[in-house]
1. What do you reckon, is D149 in contact with a His (Cβ under 6 Å, 6 or more places away or on another chain), touching a residue at least 24 places away in the same chain (Cβ under 8 Å), part of a helix (DSSP H, G or I) and of a type outside the set (S, T, Y)?
2. Within segment 169-185, can you find the residues that are free of Cβ contacts under 8 Å to residues at least 12 places away in the same chain and either farther than 23 Å from C260 by Cβ or among the β-branched types (V, I, T) (or both)?
3. Could you say which residue among L306, L254, L295 is in a helix (DSSP H, G or I), surrounded by 13 or more Cβ atoms within 10 Å (Cβ to Cβ), under 25 Å from the mean Cα position of the chain (by Cα) and among the aliphatic types (A, V, I, L, M)?
4. Of the conditions (1) modelled with pLDDT of 90 or more; (2) touching a Cys at 6+ places or on another chain (Cβ under 9 Å); (3) not small (G, A, S), L45 clears all except one; give me its number.
5. Name the pairs whose Cβ atoms lie under 8 Å apart, with the first residue in segment 196-225 and among the polar types (S, T, N, Q) and at pLDDT below 75, the second assigned to a helix (DSSP H, G or I) and surrounded by 13 or more Cβ atoms within 10 Å (Cβ to Cβ), and 6 or more positions between them or separate chains?
6. Being more than 27 Å from L252 (Cα to Cα), modelled with pLDDT of 90 or more and either surrounded by 20 or more Cβ atoms within 10 Å (Cβ to Cβ) or not aromatic (F, W, Y) (or both) is the requirement here; does P172 meet it?
7. Looking at segment 64-76, can you tell me whether even one residue there is over 21 Å from V116 (Cα atoms), without any contact (Cβ under 8 Å) to a residue 40 or more places away in the chain and either of a type outside the set (S, T, Y) or not in a loop (DSSP other than H, G, I, E, B) (or both)?
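The values are calculated or read from the model by the stated rules, or taken from the named source; none is laboratory data. Model, not experiment: these values are computed from the prediction. Heads up, the Cβs are rebuilt from the backbone with ideal geometry, glycines too, and the neighbour counts pull from every protein chain shown.
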Amino acid sequence: MHLKAMNLSDGCQEYFCAERSISIYVILYVAAAAVSLLSVCGNLLVIISVSHFKQLHTPSNILILSLAVSDLLVGVFVMPLHLSWVIESCWTSGPVMCSVFNFVNYQATSVSIHTVALIAVDRFLALSFPFFYSEKISPTVICRETLFDWLFLLFYNFTLLFINGNFTAMCPGKCVLIIDEVSFFIDLLVVFLMPCTFIIILYTHVFVIVKKHATAIRALQVHNSTSKNRVSDKSERKAAILLGILVFLFLLCLLPYYICSLVIPNSNPYFFFVRDVSGIFYLLNSTINPIIYALFFPWFQKSIKLIFTFKVFKKNSSLMNVM
């Protein structure tokens with residue numbers, strides 16, 4: 001979640017440390033810890049699965065691995081600090097940690113968005129140009145592209161924060177990210193509008209292709225009603241539903257925050273409250289992703305069983321069939 005506060009002269013939010021009862025604090029912190037733990041554990045399982053089992057070393061899964069790493073950073077670092085900040089109504093971790101928090105926040109969330117866009121490109125190429133995809137797109141190629149994207153965003157985010165003076169001392173109890181209007185709209189274009197445009201357009205094409213495949217299979221069943229065709233038809237429809245769910249939940253988590261940033265001026269007394277609530281939805285995307293994998297990806301379900309039964313520690317376990 002990109003926290004932006006523009007045109008603030010002192011760089012400090014109008015926050016105060018509110019007093020709450022101990023019971024409310026306990027409930028809030030337990031909920032925050034549960035969400036963070038779920039995000040960390042879920043994404044760790046994805047990382048272990050894709051990294052360990054050689055059968056999962058495919059171009060698509062390399063991108064899923066990149067997404068899980070960025071979501072893990074959110075779960076380990078960004079989410080606990082942000083939720084603690086919201087609960088306490090003031091920043092309690094000091095100015096140095098504030099600068100680190102802002103940078104990791106920008107890096108992890110921007111990588112997450114870009115990776116979802118790359119997954120859209122990958123699926124579009126795989127379905128639209130299958131021969132080109134099988135010959136030219138390999139795990140090595142995807143690894144290079146993913147590494148380049150991480151390094152590009154690393155340089156981009158550091159430059160963006162540095163030129164706006166975000167690595168300087170903050171007011172006590174405050175952690176504000178100040179970005180001028182030009183930088184804000186550049187960041188909006190690079191991190192949100194362009195990737196989301198690619199995601200919507202490409203996934204729309206993917207959905208159309210999947211529907212055409214399903215229609216062709218149903219037409220074939222008229223002449224040859226075999227169980228194999230019925231399974232293929234079901235698989236195509238399931239893939240289409242999965243794509244729709246992924247895109248819907250991804251945009252559902254991101255849009256409220258960016259709408260808040262664009263529509264509500266930061267001088268509005270409700271700006272920070274709405275921003276914090278929409279920011280929590282933004283971060284929850286990192287928790288939702290591995291849950292979707294667990295519900296819809298059979299290979300992830302099999303990998304979890306092998307991990308929890310400690311079969312991954314057996315000799316040559318990386319060669320096990322999980323597909």
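1. Judged against the criteria, D149 is a match.
2. Within segment 169-185, P172, V182 qualify.
3. Selected residue: L254, the only one of L306, L254, L295 that is in a helix (DSSP H, G or I), surrounded by 13 or more Cβ atoms within 10 Å (Cβ to Cβ), under 25 Å from the mean Cα position of the chain (by Cα) and among the aliphatic types (A, V, I, L, M).
4. All conditions pass for L45, except number (2).
5. Close Cβ pairs satisfying both conditions: Q221/N229; Q221/R230; Q221/D233.
6. no
7. So far as segment 64-76 goes, no, none of its residues is over 21 Å from V116 (Cα atoms), without any contact (Cβ under 8 Å) to a residue 40 or more places away in the chain and either of a type outside the set (S, T, Y) or not in a loop (DSSP other than H, G, I, E, B) (or both).
A quick yes/no check of all residues on (1) touching a His at 6+ places or on another chain (Cβ under 9 Å); (2) surrounded by fewer than 17 Cβ atoms within 10 Å (Cβ to Cβ); (3) closer than 24 Å to L251 by Cβ:
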{"residue": "L37", "(1), (2), (3)": "no, yes, no"}
{"residue": "W85", "(1), (2), (3)": "no, no, no"}
{"residue": "S99", "(1), (2), (3)": "no, no, no"}
{"residue": "F103", "(1), (2), (3)": "no, no, no"}
{"residue": "V111", "(1), (2), (3)": "no, no, yes"}
{"residue": "H114", "(1), (2), (3)": "no, no, yes"}
{"residue": "S134", "(1), (2), (3)": "no, yes, no"}
